[in-house]
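The values are calculated or read from the model by the stated rules, or taken from the named source; none is laboratory data. Because the structure is predicted, anything quoted here is derived from the model rather than measured. Quick reminder, even Gly has a Cβ in these numbers, built from the backbone with ideal geometry, and neighbours come from all protein chains shown.
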Amino acid sequence: MNSRPLTHTQGKSSLPAGADEPLCPECNTPADVGLFRLDVLPGHPQFGQLQQCPNVFHREVRLERMARVSLLGPEDVKRQLTDITPNDGNHRALDAAGEILEQGYGWLYIYGGPGNAKSEILKAIVNQSNESGRGPAIYTTLGAIIDYIRAGYGEGDYPERFENIKQCPVLAIDEMDKIKETEWVEEFRFKFLDARYIQAVNRQGMTVYAGQPHPADIFTEVIYDRFRDGRFTIVENSAPSARPRMRWSK
């Protein structure tokens with residue numbers, strides 16, 4: 001590929017790429033970088049934009065980084081859509097989950113009250129995507145993503161963190177409504193969601209979201225307009241909370 005590799009050393013961009021480190025044969029950067037800029041002229045739509053190298057040389061490092069934002073516990077990794085009992089309130093959400101799994105790309109937003117298995121649906125989508133080989137698939141929250149990205153400023157690897165999250169094949173993002181609004185959060189959220197949107201319409205990524213309010217009640221018009229794209233699905237889970245019926249397993 002015609003590219004210009006980033007310079008790098010242990011998260012700091014100060015020494016020449018590859019000093020005392022093995023380099024990727026494709027992008028000429030170390031395993032924990034894997035980013036480059038295309039060697040194109042100003043005015044080209046991708047001029048100056050970071051690109052993620054697809055070579056498997058970077059796979060282990062990327063998986064380790066993605067694991068930092070994964071919120072799946074030992075019991076969560078067992079979850080399947082068939083474990084969730086359909087009822088009048090959740091059957092449309094379950095159907096939509098099955099459809100996006102079969103399609104393999106796009107956006108799905110599930111909204112509704114607390115405790116009615118929205119999170120369990122997201123976890124099942126992640127598990128079944130990983131099992132089918134479509135992953136890596138990650139279950140997390142919007143707050144966890146923001147914390148992970150923000151920490152990249154201190155660690156000196158913000159670009160790598162942003163690209164790894166942005167390029168993840170399957171993301172299930174919970175608690176879309178539970179973040180503290182700041183100017184930085186608003187700017188990051190738009191850039192991040194717009195990048196995921198572009199991937200989805202190009203049939204290159206799947207993002208599944210959950211929150212209690214309808215997305216129209218959370219986002220600005222410019223963001224909500226992407227969610228209501230006719231190629232995507234917004235579905236309500238109106239089932240009541242299952243938490244009062246939960247018991248310890250024996």
Where a residue in segment 48-61 is under 12 Å from residue 159 (Cβ atoms) and its partner, wherever it lies, is of a type in the set (A, V, I, L, M) and at pLDDT 70 or above, with Cβ under 7 Å and at least six apart
50/35; 51/35; 51/38; 52/35
Taking the stated definitions as given, is residue 239 small (Gly, Ala, Ser) and not in a loop (DSSP other than H, G, I, E, B)?
no
Which number in (1) charged (D, E, K, R); (2) farther than 19 Å from residue 236 by Cβ; (3) touching a residue at least 24 places away in the same chain (Cβ under 8 Å) marks the one condition that residue 99 misses?
(2)
Of all residues in segment 129-179 being under 25 Å from residue 213 (Cα atoms) and of a type in the set (D, E, K, R), which is surrounded by the fewest Cβ atoms within 10 Å (Cβ to Cβ)?
178
Is it the case, given these coordinates, that residue 216 is among the small types (Gly, Ala, Ser), closer than 24 Å to residue 119 by Cβ, outside any helix (DSSP H, G or I) and over 13 Å from the mean Cα position of the chain (by Cα)?
no
Matching residues in segment 194-217 - criterion: being out of contact with any Gly (no Cβ under 6 Å at 6 or more places or on another chain), modelled with pLDDT under 95 and buried (at least 18 other Cβ atoms within 10 Å of the Cβ):
205
